[in-house]
1. Would you check if there is a residue in the stretch 83-96 being touching a residue at least 12 places away in the same chain (Cβ under 8 Å), under 28 Å from Gly287 (Cα atoms), under 19 Å from the mean Cα position of the chain (by Cα) and surrounded by fewer than 24 Cβ atoms within 10 Å (Cβ to Cβ)?
2. List the number of the failed condition for Ser118; all other conditions in (1) closer than 19 Å to Gly62 by Cβ; (2) in contact with a helix residue (DSSP H, G or I) (Cβ under 8 Å, 6 or more places away or on another chain) hold.
3. Among the residues that make up the stretch 227-234, is at least one of them farther than 17 Å from Lys74 by Cα, touching a helix residue (DSSP H, G or I) at 6+ places or on another chain (Cβ under 7 Å) and in contact (Cβ under 8 Å) with a residue 12 or more places away in the chain?
4. I'm checking my understanding of the structure. Among residues of the stretch 113-130 that are among the hydrophobic types (A, V, I, L, M, F, W, C) and crowded, with 17+ Cβ neighbours inside 10 Å, which one is farthest from the chain's Cα centre (by Cα)?
5. Looking at Ile233 and the list (1) under 25 Å from Gly155 (Cα atoms); (2) β-branched (Val, Ile, Thr); (3) part of a helix (DSSP H, G or I), which single condition is not satisfied?
6. For the stretch 101-158, enumerate the residues that are at pLDDT 90 or above, closer than 23 Å to Leu252 by Cα and among the aromatic types (Phe, Trp, Tyr).
7. Residues that are over 23 Å from the mean Cα position of the chain (by Cα) and surrounded by fewer than 20 Cβ atoms within 10 Å (Cβ to Cβ): find the helices (runs of 4 or more DSSP H) completely inside the stretch 324-432 holding 2 or more of those.
8. Do you know which of the residues in the stretch 188-203 that are among the aliphatic types (A, V, I, L, M) and in contact (Cβ under 8 Å) with a residue 40 or more places away in the chain is nearest to Ile172 (Cα to Cα)?
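The values are calculated or read from the model by the stated rules, or taken from the named source; none is laboratory data. Note that the coordinates shown come from a computational prediction; the quantities given were computed from them, not determined experimentally. Heads up, the Cβs are rebuilt from the backbone with ideal geometry, glycines too, and the neighbour counts pull from every protein chain shown.
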Amino acid sequence: MSTVLQENISRRFAQGITWNIMSSVSMQGSIFLANIIIANILGIELFGEFGMIQNTVLIIAGMAQMSTGVTATKYIAEFRSSDQARAGRILGLCSSISIISAFIATSMIILAASWLASFVLKAPHLTFGIIMSSGIIFFSVITGYQTGALAGLEGYKGLARASMMQGICCLIVCSVFTWLWKLEGALVGLVLSFFMRWYAFNWALKRECSVKKISMNRQNWWIERAIITKFAIPSAAIGFLTMPAVWFANVLLVRQPNGFSQLGIFTAAFSLRTMIVFLPSLMNNVGTSLLNNQKGIANHRNYKKVFLTNIFLTQAAVLIASLIVILLGRWLLRAFGKDFTEGYGVLLILVLSAIAETLTVAIYQVIQSQEKMWLSFFSINTPWCIAFIASAYFYVPTNMAMGLAWAYLIAWCLTAIMTGLQVLRVGFWQLG
């Protein structure tokens, strides 16, 4: 029986990763290619402005999601086999919170657009662009819980199909709109892409729930309110802490002389960093679902097996991807335009930070699955935030984009150490 269970875990891991690869190649690959096309059409200065607006709305969207994605993944994975009614209520909980939060966040960014552009970014001409991009926040927020729920249901095949559909549309729409209307076209194309992502993921989630015989229950979601204080609120607090820190560092960079051009260089290099971590991120998503599912059925042996297997696979993947990017980095940056090749040094530092981040996220799954989110907030995420902001404040004014890259590396190296210490603290090795 033990051998059968282990083979089943390995098969589910392999299938989840395979479909997740197809999903992310479609979604992240289309975004990466769209960024290259947009950069070549707009040039380094306008691409920097595009990157700043994009970063601003996505950070606000990430905060507004209230961590419904990770909440859905954790609890739906845990209860979908043992308590389907409860899984349905949790799905209703995440859906209701997402819709309310999406309306509030979208309204706030529209009202604050002029202040953000004029007084924070020192670029009042970006006001209309921020308002145009508000739709990204709305659709990103309500898509967040859908992605998490699909992962919790191990509905990776449906996720892959939806991502392929959205990826193709994103590439075509963003490219055509940018060519026609430059910066404004790029932003409108991005809004439409996020709308199509919501539509595709909504279809996939309904289909997967039907297969798993789980019905979303929005009438009785308040029964599960304990999850809000125990998991969702501390998870959201982590986002409220870390995401503004990233935005602050970007603002610090753009307010330097030639700042938007420097952010354009950093954005190009960070796009390549995103490609490095995308496969390990997929593996971590699969690992999170499997880990919580094994916790839900109290199989501690397979819990450990999933955890250790995930660490090995994610580290192997990030090291291989990092080597490829290091070897081809100059050529890859050149694809964004001839002015972006000076970002190779920035890219090298970001590659190292990606390795540290991947290890941290793989280890962190124990903290998340054991519901130690307040411990995470104070002992892991707060140190990351302090280290990142302090490093950015110290390095960015003198080293520009390179300084921002150093801030990422320093923060993630510190966090890897802190996360490992906290995993030992929660007694992972005592699970039997």
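1. yes
2. Evaluating Ser118 over (1) closer than 19 Å to Gly62 by Cβ; (2) in contact with a helix residue (DSSP H, G or I) (Cβ under 8 Å, 6 or more places away or on another chain) leaves (1) as the failure.
3. Among the residues of the stretch 227-234, not one is farther than 17 Å from Lys74 by Cα, touching a helix residue (DSSP H, G or I) at 6+ places or on another chain (Cβ under 7 Å) and in contact (Cβ under 8 Å) with a residue 12 or more places away in the chain, which makes the answer no.
4. Ala123
5. Condition (1) is where Ile233 drops out.
6. The answer is Trp115, Phe128.
7. Because the criterion is at least 2 residues that are over 23 Å from the mean Cα position of the chain (by Cα) and surrounded by fewer than 20 Cβ atoms within 10 Å (Cβ to Cβ), the helices (runs of 4 or more DSSP H) in the stretch 324-432 that meet it are 344-369, 382-425.
8. Applying the filter and picking the extreme gives Leu190.
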